[in-house]
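Below you'll find the structure, written out as structure tokens, and then a few comments.
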Amino acid sequence: FTKDLGSLDELIPYAMFDAITIFLLMLTMVALIISSNYYMAIPTFALLIILFVIRQYYIKTARAVKRIEALTRSPIFTHVVASSSGSTTIRSANAESILVKQFDRHQDIHSSSWYIFISANRWFGVWLEMISVAYLTIVTLSFLILASLTDYKSSDVGLAISSVFNGCFSMGHETNPEAPLDSKPDKKPPKDWPKNGEIQFRNYYLEYEEKDVIKGITFDIKACEKIGIADTGAGKSSIINGLFRMTEPRGDMFIDGVQVNDIGLHDLRQAVSIILQDPVLFSGSMRSNLDPFDQYSDQDLRESLEEVELKNDIPALDFEVSDGGSNFSVDQRQLVCLARAILRKNKIIVVDEATANVDPRTDNFIQQTIRTKFADCTIITIAHRLNSVMDCDRILVLDNGYLMEYNHPHILLSDPNGILSSMVNHTGAASAVLKQVAAEVSVEKFPKQG
């Protein structure tokens, strides 16, 4: 029921918009063709009848297959909820393998019905394209055959044929190609990439649901620079989504001279570490949580845990982590994620307000660890709280998707009419502390100017 309501709210408006657009396009196409060659009225109406018959046949099939897909999806959710709530009992009875087999069986049945639904959609699209090609051929040949009987203008002929091409093929299914997981051999970055951590954005756009949320920004991040990102809206998180290519951007982004748009997702995401606001742990051993791809030795794993002061809390690397890390506190889960970032030794670190949900002691420890362990790394910090970015080398300020300010925080705060100044002033009594921190950091990093 909830999914049906979600479809009504989210999918039907877009489907109605597409249907109306295609209907008007087809209507215009028919009018242009008949006005150019009235002999084409007969095959045009025959085409509409054929399309109507195929649509009726497809609707009956698709409706039945969709109903089957919905019926096979429900047992999966029921099984997952029941298994989660009874996980303790399942482990005590050593019945994990039985539950896994049951889930796989439910998943296989649902995947089969979903595959049939997708195949039916694609075959409907193939039939539409076949009929469209036949109709385009008839229209083109009609102008050639009747050219000796009627004096056609070349402009009318070209307009009619282009209208058929655009109108008919707009009925097909348009899909955006997914970014490749692996880089092409000639585009694969070096094994030690990135060495420095320099990042350049050039005329960078990012859109959600056909609306630009990042609008043509251009800026550079130097090697080992600490950058804070502040925004009056949601643009700061959108930049991170674009950095990991969770959503394919427009424009260019370079890391150490390598164009990110040209490489595979695996190479890109292995080169960038992220410490999230809500730490994520998986059900399994601590070893698999720290090193899911078995790339590091046990000694490296132990050293990473020791550096975040978790060695005494985790007796062995085979220590079992509950689903979601429920047998750890929030502070400990965040420290495990920090150990994961230390272990990978990447030159680019993204910090998404890593200390928002931890106690003050852990907050200070994480901040200090980031400063020392990642001193030679490029760090991009998402500012949910301004005090987390006031000690950065530069702050990038976005407003409605546009890059408005980009400089050291003390320099930006010297402009009383600036956006960052306005954001700091809105913090009330804390504004004085924020300005003092920015001034102190400015004196440390730029003693001559300070």
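Since every read-out is calculated from the coordinates, none of them should be taken as a lab result. Predicted, not measured: the structure shown is a model, and the values here were computed from it. Methodologically, a virtual Cβ is constructed for each residue, glycine included, from the backbone with ideal geometry; neighbour enumeration extends over all protein chains shown.
The GluC sites (Glu not before Pro) found in region 281-321 that occupy coil by DSSP, while having at most 15 further C-beta atoms within 10 Å, are 309. Do the alpha carbons of any pairs in 311/347; 188/345; 187/373; 187/345; 211/373 sit beyond 28 Å of each other, and which pairs? From 311/347; 188/345; 187/373; 187/345; 211/373, over 28 Å: 187/373; 211/373. Separation of region 384-443 from region 59-132 is 50 Å, based on Cα centroids. Estimated from the Cβ-Cβ distance and a Förster radius of 51 angstrom, the FRET efficiency linking residue 136 and residue 191 is about 0.50.
The residue among 299, 274, 221 whose Cα reaches farthest toward the positive pole of the charge dipole of region 216-319, with charges on the beta-carbon of Lys, Arg, Asp and Glu, is 221. Remark: the chain carries a charge dipole of roughly 780 debye about the Cα centre, counting +1 on each Lys and Arg Cβ and -1 on each Asp and Glu Cβ.
In the chain, what % of DSSP beta bridges are antiparallel (nearest 5)? Percent antiparallel among DSSP bridges in the chain is about 55. Here the Gaussian network model covers the chain, with springs between Cα atoms less than 10 Å apart; of 60, 184, 345, 60 fluctuates the most.
Which of rounded, prolate, oblate describes region 199-407, given a ≥ b ≥ c as roots of the alpha-carbon gyration tensor eigenvalues and a/c under 1.5 marking rounded, otherwise prolate only if a/b is larger than b/c? Note, shape of region 199-407 comes out prolate. Under the convention that each Lys and Arg Cβ holds +1 and each Asp and Glu Cβ holds -1, the size of the dipole of region 367-411 around its Cα centre is about 180 debye.
Tell me which label goes with the value of Cα extents along the principal axes in Å computed from the coordinates here: (i) 78, 51, 43; (ii) 88, 67, 47; (iii) 67, 55, 46. So the calculated entry is the one marked (ii). With both residues required to sit in region 199-407, DSSP beta bridges show an antiparallel share near 55%. Taking every DSSP helix (H) stretch of at least 4 residues in the chain, weighting each as -39,500 (n - 2.57) and dividing the sum by the residue count yields a mean residue ellipticity at 222 nm of -17500 deg cm²/dmol. For residue 205, the residues whose modelled amide H falls within less than 5 Å of its own, excluding neighbours fewer than 5 places apart on the same chain, are 216, 250, 251.
With a Förster radius of 45 Å, plug the Cβ-Cβ distance of residue 299 and residue 85 into 1/(1 + (r/R0)^6) and report the FRET value to the nearest 0.05. Calculated transfer efficiency: 0.70.
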